[in-house]
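The values are calculated or read from the model by the stated rules, or taken from the named source; none is laboratory data. Predicted, not measured: the structure shown is a model, and the values here were computed from it. Cβ sites come from the backbone with ideal geometry, for glycine too, and all protein chains shown count toward neighbours. Accessible surface is based on the protein model in full, side chains and every heavy atom, while ligands, DNA and RNA are left aside. Shrake-Rupley method; radii C 1.70, N 1.55, O 1.52, S 1.80 Å.
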Amino acid sequence: MENKVKSRFAPSPTGVLHIGGARTALFAWLFAKSHQGECFLRIEDTDLERSKPEHTQAIIDGFSWMDIQFDDEVFYQSDNKEKHLTAVQQLIDSNQAYFCNCSSERLDKLRTEQQKEGLKPKYDGKCRELGLIEGSDTVVRFSNPQEGSVQFDDLVKGVIEISNNELDDLILIRSNGSPTYNLCVVVDDMEMSITHVIRGDDHINNTPRQINIFRALQAKEPVYGHVPMILGEDGKRLSKRHGAVGVSEYQQLGVLPEALKNYLVRLGWSYGDQELFDHEELISKFKEGNINNSPSAFSIEKLSWFNKEYISKVDSELLLSQLSNMNSGFSEDEYSLSVLELIRDRCSLMNDFSKESEYFFNEVEDYDSKAVNKFINEQAVNLLTELLEELKNIASWKSHDIQLSIEQILSKHEVGFGKIGLPLRIALTGSTNSPSIDKTAEVLGRKVVIERIDKAIKVFS
RNA sequence: GUCCCCUUCGUCUAGUGGUUAGGACACCUGGUUUUCAUCCAGGCAACAGGAGUUCGACUCUCCUAGGGGACGCCA
């Protein structure tokens with residue numbers, strides 16, 4: 001029990017829940033769960049300028065939508081400020097941190113000069129040996145070791161080694177007294193007894209700094225696993241110009257949470273040739289699978305495919321209740337249910353249901369002109385007129401009987417199904433694409449069908 | 001610029017010294033279907049390049065190129 005795996009996801013609430021962040025979180029969570037461990041959510045809200053409560057809420061909502069349940073309460077980094085400060089004091093006391101009064105002007109100048117010389121910009125350690133005391137404009141810097149290197153065995157990347165002279169004396173406390181990111185992360189991870197840090201590989205460069213702080217604090221660093229980032233469809237860094245980047249945007253697009261989750265996990269993780277995993281399977285198989293170590297490009301098409309798979313699995317009633325909450329035209333009644341069952345296998349996104357069902361819930365206003373030109377002529381109108389009479393007197397309004405009526409007319413005139421099927425489809429739906437026309441007619445109901453045929457005859461005569 | 005990470009079909013990936021390099025999405029062809037979609041069958045398509053190591057390299061090493069990331073009193 002002592003060795004229970006504890007991981008965390010630590011977003012800063014400065015924007016929407018990013019799709020890449022969601023995937024990283026999923027990995028961290030799955031890693032913990034597949035080891036019977038715990039995973040926590042920690043909001044890194046120390047940037048007061050940009051942190052917003054609504055962003056925190058959006059993050060929490062996003063995870064609850066995806067059914068990723070973190071253990072314990074949500075942690076807020078800002079709640080832990082005292083501990084951060086105490087840790088820094090400990091470092092100062094043990095001579096592993098010092099006050100620095102270099103101005104940002106000097107720092108800027110230093111940086112540009114170093115860059116010009118082709119060097120890596122970093123603090124030159126000017127105040128390191130000065131023994132300054134705290135002042136109104138001082139910051140606290142960490143005395144990073146100057147010799148040797150930091151090595152760690154990354155769960156996904158393998159051994160990574162970074163020389164200490166690549167690292168500079170980073171700021172631990174700003175001149176306004178607030179602690180900085182790298183310090184907070186270390187203190188919080190210690191505080192929460194985090195054993196495994198699973199995060200994006202954009203943090204690889206922070207890792208040796210954080211390890212040095214852990215060691216200076218005489219603590220043991222956790223195990224790290226850096227998962228590669230997600231790229232846009234074009235292989236470039238994922239950004240707004242690629243379209244939707246927020247989890248909520250996919251929610252609005254009509255992506256099912258299970259589908260998004262499955263897709264996101266498969267993006268960079270694999271378990272042989274298997275594509276579809278349910279929630280339980282993900283947990284049980286995650287650690288047996290393989291995390292890829294190269295970045296992967298996001299593909300909305302593949303996501304759609306996953307979504308289609310999930311749509312085909314969910315129960316109609318459940319689907320209907322979701323749809324009726326979505327302003328889709330559907331409501332929880334018999335009619336909507338039969339529409340849904342008729343069109344469900346034509347839809348890959350939830351939003352497709354609105355498009356595919358339009359003529360079930362609205363009058364047909366326009367007819368597809370291309371289809372009209374091709375299939376509507378005098379003969380078609382005559383056939384429709386005949387069919388109309390037939391349907392008015394049909395005994396039972398069932399697809400089978402409707403089909404019989406159609407066939408009867410067809411054989412009388414010795415023409416193929418298309419001669420009347422297509423015009424009928426145009427009359428009922430406005431276009432030539434729809435589910436089988438007899439079933440469509442059945443669901444639409446006798447009254448509507450007769451009205452629409454009648455209207456079409458008038459329009460096309 | 002400096003440092004770090006990465007490189008198998010267009011995309012997601014399997015592969016861990018000897019394979020006809022497999023699967024999925026997309027695409028193409030054919031079949032089923034009253035249309036479209038579904039579904040079924042088939043097809044196209046990849047080891048970034050160059051040196052090594054080895055009897056033998058997609059698999060190991062090095063170099064090059066390309067991509068990504070980090071270099072803040074942001075997180």
Out of curiosity, is A:Lys308 within 17 Å of the chain's Cα centre (by Cα), among the basic types (Lys, Arg) and under 30 Å from A:Leu444 (Cα atoms)? yes
Spans of helices (runs of 4 or more DSSP H) in the range A:376-443 with at least 2 residues under 48 Å from the mean Cα position of the chain (by Cα), within 19 Å of A:Val339 (Cα to Cα) and not assigned by TED's automatic domain parsing to the domain that holds A:Leu340: A:399-413, A:417-429
Does A:Cys100 meet the test of being farther than 30 Å from A:His35 by Cβ and either in contact with a Leu (Cβ under 8 Å, 6 or more places away or on another chain) or within 11 Å of RNA strand B (Cβ to nearest atom) (or both)? yes
Residue, nearest to the chain's Cα centre (by Cα), within the range A:6-15, restricted to residues that are in a loop (DSSP other than H, G, I, E, B) and surrounded by 18 or more Cβ atoms within 10 Å (Cβ to Cβ): A:Pro11
Looking at this structure, is A:Leu183 in a helix (DSSP H, G or I) and either open to solvent by less than 40 Å² (accessible area, probe 1.4 Å) or not assigned by TED's automatic domain parsing to the domain that holds A:Ser94 (or both)? yes
Selection status of A:Ile92, under 18 Å from A:Ser248 (Cα atoms), in contact (Cβ under 8 Å) with a residue 24 or more places away in the chain and more than 16 Å from RNA strand B (Cβ to nearest atom): no
Going through the range A:158-174 in order, the residues found to be open to solvent by 70 Å² or more (accessible area, probe 1.4 Å) and within 6 Å of RNA strand B (Cβ to nearest atom) are A:Glu166, A:Arg174
Checked the range A:345-363 for anything open to solvent by 40 Å² or more (accessible area, probe 1.4 Å) and within 14 Å of RNA strand B (Cβ to nearest atom); matches are A:Asp345, A:Arg346, A:Lys355, A:Glu356, A:Glu358
Elements of type helices (runs of 4 or more DSSP H) in the range A:220-320, at least 3 residues being within 14 Å of RNA strand B (Cβ to nearest atom) and either crowded, with 18+ Cβ neighbours inside 10 Å or modelled with pLDDT of 95 or more (or both): A:257-266, A:300-313
Quick check, is A:Thr138 open to solvent by less than 80 Å² (accessible area, probe 1.4 Å) and β-branched (Val, Ile, Thr)? yes
For the range A:143-154 the number of residues that are part of a loop (DSSP other than H, G, I, E, B) and open to solvent by 90 Å² or more (accessible area, probe 1.4 Å) is 2
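Each row is one residue, and each column tells you yes or no for (1) of a type in the set (Val, Ile, Thr); (2) open to solvent by 10 Å² or more (accessible area, probe 1.4 Å).
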site	(1), (2)
A:Leu41	no, no
A:Lys52	no, yes
A:Gln57	no, yes
A:Gln69	no, yes
A:Ser78	no, yes
A:Val88	yes, no
